[in-house]
Amino acid sequence: DAVNRVIAGGAADWPQAGVSGPPLVELEKVNKRFGDLHVLKNIDLAVFAGEVVVIIGPSGSGKSTLCRTINGLEAHDSGTICMAGKPLPTDGRNLARLRADVGMVFQSFNLFAHKTVLENVTLGQIRVRRRKRAEAERRGMALLDRVGVAEQAGKYPAQLSGGQQQRVSIARALAMDPKVMLFDEPTSALDPEMINEVLGVMTALAGTGMTMLVVTHEMGFARRAADRVAFMADGEIVESGAPERFFDSPTSERARDFLSKVL
Ligand code: ADP
Ligand code: MG
């Protein structure tokens with residue numbers, strides 16, 4: 001019912017991204033190599049404000065590298081990446097600002113193990129957003145309540161289930177008031193019974209107009225929540241389109257082959 005509370009909640013309580021204009025995230029001819037390995041090949045991708053774009057594709061196709069490149073954790077070799085029309089910064093100070101604007105949720109939760117749940121959702125607000133502790137805690141508690149883990153605020157991450165930890169990770173990212181949220185296989189490390197509670201929070205977030213780029217193997221979620229699905233294989237976006245179109249009549253052989261294995 002934690003999830004139901006989230007779904008029922010009004011949009012006004014979430015950090016909002018919803019502005020119109022140029023794509024919030026835009027990649028043009030982006031290339032990335034690890035030595036001889038060409039991991040991102042001429043990637044073109046635009047995510048508009050309020051859109052949910054789901055990226056699917058086989059393991060090793062470059063999905064995580066794409067996410068890490070967008071939030072500046074990896075440098076790209078050529079091409080341009082723009083956030084709200086501005087090229088991605090490369091210097092340290094602006095890169096930190098970029099990361100604050102791009103919320104990231106990883107497969108492996110990545111919470112601070114030696115900090116409480118509440119500290120996890122307040123530290124960034126205090127250090128990066130320069131909020132007073134009391135305000136950071138108030139906002140943090142509101143977000144923990146939103147994702148249904150307010151009663152865990154004083155605990156340490158290891159005392160929580162995987163699903164609870166991942167919901168804290170989402171709250172921690174949202175606490176920074178990101179312009180866009182990136183999710184890299186957020187449910188892949190979870191026991192099956194916990195997958196839906198995390199997908200429910202993500203669905204609720206999408207419903208508020210948050211701009212989201214989601215890498216996932218959850219095809220049901222992709223079909224329900226995505227405005228657009230992009231299929232990646234071997235470092236390329238092979239095809240993209242509306243979820244119904246993609247799932248019901250994929251045009252590429254590689255997508256058909258992938259879907260026949262996962263559906
Ligand atoms: P996916 O997330 O789709 O599974 P990744 O982006 O993790 O794919 O990886 C794409 C390819 O790049 C894989 O062949 C992987 O082994 C390689 N790769 C990823 N990160 C690095 C790295 N830091 N150094 C060298 N190779 C890497
Ligand atoms: Mg990956």
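Some points to look at:
- Matching residues, segment 74-119, being within 25 Å of ARG130 (Cα to Cα), crowded, with 16+ Cβ neighbours inside 10 Å and among the β-branched types (Val, Ile, Thr): VAL102, VAL105, THR116, VAL117
- Answer from ARG129, ARG146 - the residue that is away from ligand 2 (no atom under 16 Å from the Cβ) and at pLDDT below 95: ARG129
- Within segment 110-125, residues that are assigned to a helix (DSSP H, G or I) have Cβ atoms under 9 Å from residues that are surrounded by fewer than 16 Cβ atoms within 10 Å (Cβ to Cβ) and of a type in the set (S, T, N, Q) in these pairs: VAL117/GLN159, counting only partners at least 6 apart in sequence or on another chain.
- Here GLY154, GLY140 are screened, and the one residue that is out of contact with any Gly (no Cβ under 9 Å at 6 or more places or on another chain), over 29 Å from LEU263 (Cα atoms) and open to solvent by 20 Å² or more (accessible area, probe 1.4 Å) is GLY154.
- Of the residues making up segment 45-66, just one is within 15 Å of ligand 1 (Cβ to nearest atom), closer than 21 Å to LYS179 by Cβ and open to solvent by 30 Å² or more (accessible area, probe 1.4 Å), namely SER64.
- Filtered by the rule that a residue be open to solvent by 10 Å² or more (accessible area, probe 1.4 Å) and in contact (Cβ under 8 Å) with a residue 12 or more places away in the chain, segment 157-168 gives ALA158, LEU160, SER161, GLY162, GLN164, GLN165, ARG167.
- When we screen ASN42, ASN71 for residues that are within 21 Å of VAL30 (Cβ to Cβ), in contact (Cβ under 8 Å) with a residue 60 or more places away in the chain, polar (S, T, N, Q) and open to solvent by less than 10 Å² (accessible area, probe 1.4 Å), the only hit is ASN71.
- In the set (1) under 23 Å from GLY62 (Cα atoms); (2) away from ligand 1 (no atom under 16 Å from the Cβ); (3) surrounded by 22 or more Cβ atoms within 10 Å (Cβ to Cβ), the condition left unmet by ALA171 is number (1).
- From the options PRO178, PRO250, residue that is away from ligand 1 (no atom under 16 Å from the Cβ) and farther than 30 Å from ILE126 by Cα: PRO250
- Verdict on PHE246 being open to solvent by less than 40 Å² (accessible area, probe 1.4 Å), touching a strand residue (DSSP E or B) at 6+ places or on another chain (Cβ under 6 Å), over 22 Å from ILE70 (Cα atoms) and part of a helix (DSSP H, G or I): yes
- Residue list for segment 226-243, filter: open to solvent by less than 20 Å² (accessible area, probe 1.4 Å), away from ligand 2 (no atom under 15 Å from the Cβ) and small (Gly, Ala, Ser): ALA226, GLY241
- Meets criteria (open to solvent by less than 10 Å² (accessible area, probe 1.4 Å) and either without any contact (Cβ under 8 Å) to a residue 24 or more places away in the chain or not in a helix (DSSP H, G or I) (or both)) for MET181: yes
The values are calculated or read from the model by the stated rules, or taken from the named source; none is laboratory data. The model shown is predicted, which means the values in this text are computed figures rather than measured ones. We place every Cβ from the backbone using ideal geometry, glycine too, and count neighbours over all the protein chains shown. Ligands, DNA and RNA are stripped out before the accessible areas are found, and what is left, the full protein with its side chains, is counted by its heavy atoms. Shrake-Rupley method; radii C 1.70, N 1.55, O 1.52, S 1.80 Å.
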